[in-house]
Amino acid sequence: MPHPILERLTGQHPVNRPVIGLAPMAGVTDIAFRQICEQLGADYSVCEMVASKPELLQTPKSQSRLHFTEHATPNIIQIVGNQPDEMAMATTHYIKQGAEIIDINLGCPAKKVNGTGAGSALLQSLDKVEAILRAVTAVSTVPVTLKTRLGWDHDNYTLLDIVQIAERVGISLITVHGRTRACRFNGNAQYDLIGQAKAATPLPMIVNGDIDSVEKAQQVLQQTQCDGIMVGRASLGNPWLFHTIRRELDCHFTAHDSAIDKIQLACKHIAHTQQLYGGITGVRYARKHIQKYLQHLTGTPDLFKNIASIDNAEAQLDVFAALLDNHANEDYADGLKTP
C-alpha cells in the first residue's frame, strides 16, 4: 500500500508510478522556475532552503523564498540549521507561513553552510542529527521529510544510520543524493548504496543525483527500487526534462514541446523572473537561466555572446524574440521546399 506522503506529493490515490520532484537549489528554484517545472510534469518542488536562525526568519531574503506555486502541489519548505531548538522554532514559524511539508537539510555541501555546522556537516554528528529530527517532529503538525547524502566522506558512510534515526523519530520520507559531502558534485553518484538503504527501510525514499535523461531515470529507479526521483542541476535550462521523464512513466501525461513552444515558455519564465525581483536584480537572476536555455534550445550557448553584458529586461527578452524569428523563417523556408 502506498505511503500517504507519496499520495500527498502526487495528488494520486493510489500512486501507480514513481514520484518526480524538483530539488531545492539556492538561487535557482524560486517560484518562477518551480512553476515552470511543475507545469511541465514535476509532481512537486521544494522551495530554496531557508534559515532557522530566529533573527533571519523575517528577513526579506527568507520571506522571498516563501512564495508558493499555483499548482495543486504541497507547499514544501526546506529548513537549514544546526540547533534543535532553533529548527523547532523555525518549523512552527514556517508552518504558520503556509508550509504543508517541512524538509530538513542534511545534504548541502556549501562551505558557507557547513562552516556553521549545518547542512551535510551534521553528518559528522549523528547525535546532533537525532536531536534536530526529534525537535522538529515533536512540534510539527505537518509531515517532516529530510534530504541527505551518503555521508561526510568515503570513510564515513552514514546513510544507514540516518535511515534508522529517521524511522525512530517519525520522518515521513527520505531523499538521498548519491554522493558524500567530500565529493560535492564530482564523480558519479553511487546508486548501489542508496539501493541498500532502500532495501533496509519501509520509509519512502527518493533518489537524487545525475538524473539527466529518461534512460538514466529508468536505470536509477530499477537499480535502487526507490519510490521516485528528484531532478536537480539537469533541469536548469531544460525544464522539459520533467515532461520527457513524466511522459515515459505516465502514459496519460501529455504536453507540447515543439521548438517554438519551448522558446515561448522560456521567454515566459524569464519575464516572470524579471518581474519577481525587479530592476537590475531581476536581470541578474535571469542571466543564468538565459545562458542555460540557449545551450539547450540552440546547442550553442555562445550564440548571443553579449548576454552577460545586457543590463535591461527588454533586451533580454529580445534574445528570445530573435530565436522565434529564426524558427519562423526556417519553417517558412522549409515550406517553400516542400513539393
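What to note about this one:
- Thr175 long-range amide H proximity, modeled H, under 5 Å: Leu146, Lys147, Thr148, Ile206
- Per-residue 3J(HN,Hα) values for the stretch 268-280, derived from phi via the Karplus relation 6.51 cos²θ - 1.76 cosθ + 1.60 with θ = phi - 60°, read 4, 5, 5, 4, 5, 4, 4, 5, 4, 9, x, x, 5 Hz in sequence order (x marks Gly and Pro).
- Shape call, the stretch 111-182: gyration tensor on alpha carbons, a/c limit 1.5: prolate
- Averaging the sequence gap over all C-alpha pairs within less than 8 Å and six or more residues apart, then dividing by the number of residues, gives the chain a relative contact order of 14 percent.
- For the stretch 104-240, the mean projected area of the C-alpha convex hull, equal to one quarter of the hull surface, is 8.6 nm².
- Those lysines that a straight Cα-Cα span of less than 30 Å connects to Lys53, excepting residues fewer than 8 apart in one chain: Lys61, Lys96, Lys111, Lys112, Lys128, Lys147, Lys288
- For Tyr44, nonlocal amide neighbours, meaning residues 5 or more places apart or on other chains whose placed amide H falls under 5 Å from its own, are Ile20, Leu22.
- Between 0 and 90°, nearest 10: helix 159-169 axis offset from the chain longest Cα axis: 70
- Cα long-axis angle, helix 84-96 against the chain (0 to 90 degrees, to the nearest 10): 50
- Each of Arg247, Arg181 has some number of other Cβ atoms within 10 Å of its Cβ, and from fewest to most they run Arg247, Arg181.
- The HN-Hα couplings worked out from phi for the stretch 54-70 by the Karplus form 6.51 cos²θ - 1.76 cosθ + 1.60 (θ = phi - 60°) are x, 6, 9, 4, 9, 5, x, 5, 5, 5, 5, 8, 9, 6, 10, 6, 8 Hz, whole numbers, x standing for Gly and Pro.
- Sequence-distant residues sharing a close amide H with Ala26 (under 5 Å, placed H): Met49
Bear in mind that the values in this text are calculations on the coordinates, not laboratory data. Given the structure is predicted, the values throughout are model-derived calculations rather than measurements. Note that we place each Cβ from the backbone using ideal geometry, even for glycine, and neighbour counts take in every protein chain shown.
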